[in-house]
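Below: one structure, written as structure tokens.
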Amino acid sequence: MKTLFLVLTLFATSFSINSNAQQATPGLLNDSISIKKPAKDSTAKKKFSPRIAALRSAILPGWGQIYNKKYWKLPIVYGALGVSGGIFFYNLKNYKDTRFAYRVKYNMRVFQKDSSLYSQIRDELKPLSEESLRFYRNEFRRDIDYSALIFLLLWGLNVVDATVDAHLKSFDVSPDLTLNIKPGYSEMAGTNGLSLVLNIH
């Protein structure tokens, strides 16, 4: 009877140790797997290069904004460049028309030639005098320079915007930024009192 009791006790003990070991094994395996292959940090942010953003915007307007994933800025970029480009071509066309009209009228008066070209002058320019045509020609010539300059300026602003935007992508706006009121001695002011402390973790 004692032998039977001893055998049953040993059997129960070995069974209990075995089951505990089997339950512990998966945990150990999982721990070892998690150490060797850590999970990816879902909060990790993609790093944006200001140099790449600037280069892309310089090559093609709006490409830097696409790189920075600021798609809502594309209509602003192309709207500004489109309007300034439209003004440039408007001034260019009117400059050519007034220059042509002025040249034809001048040659007709001074050299008595180019009268056959008079019919090619735009109807709204025919009643104007030479002085008026010369004045408008010079005005449109000046406006061509201004519109070209504004177009280049807007292109440059597009590059600056993409560069600054890429720089600010790494700026910390997480909830770890806290503002606390701290009583005690202020080294900056050199007095005791309350200080506002901004903690950046």
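Every read-out reported here was derived from the displayed coordinates using simple, explicitly stated rules and does not represent laboratory data. Given the structure is predicted, the values throughout are model-derived calculations rather than measurements. All Cβ positions, even for glycine, are placed from backbone atoms using ideal geometry, and neighbour counts span all protein chains on display.
Quick notes on this structure:
- Filter on K73/K169; K73/K93; K73/K96 - keep pairs with C-alpha separation over 25 Å: K73/K93; K73/K96
- Stokes-Einstein D (µm²/s) once Rh is taken as the Kirkwood radius of the range 85-173 over alpha-carbon pairs, at 37 °C in 0.692 mPa s: 209
- Segments 119-126, 100-107, 139-146 sorted - mean Cβ within 10 Å per residue, highest first: 100-107, 139-146, 119-126
- Overall, the range 50-168 carries a charge dipole of about 240 debye about its Cα centre when +1 sits on the Cβ of Lys and Arg and -1 on the Cβ of Asp and Glu, all other atoms neutral.
- Using a simple spin-label model with pseudo-atoms 7 Å out from Cα toward Cβ, E187 and Y90 lie 6.1 nm apart.
- Under 11 Å, Cβ to Cβ, from N94 - net charge with Lys/Arg +1 and Asp/Glu -1: +2
- Sorting 83-90, 55-62 by their mean Cβ neighbour count within 10 Å, with the most densely packed peptide first, gives 55-62, 83-90.
- Estimated at 0.36 nm per residue, the fully extended path between Y71 and S49 surpasses their Cα-Cα distance by 6.2 nm.
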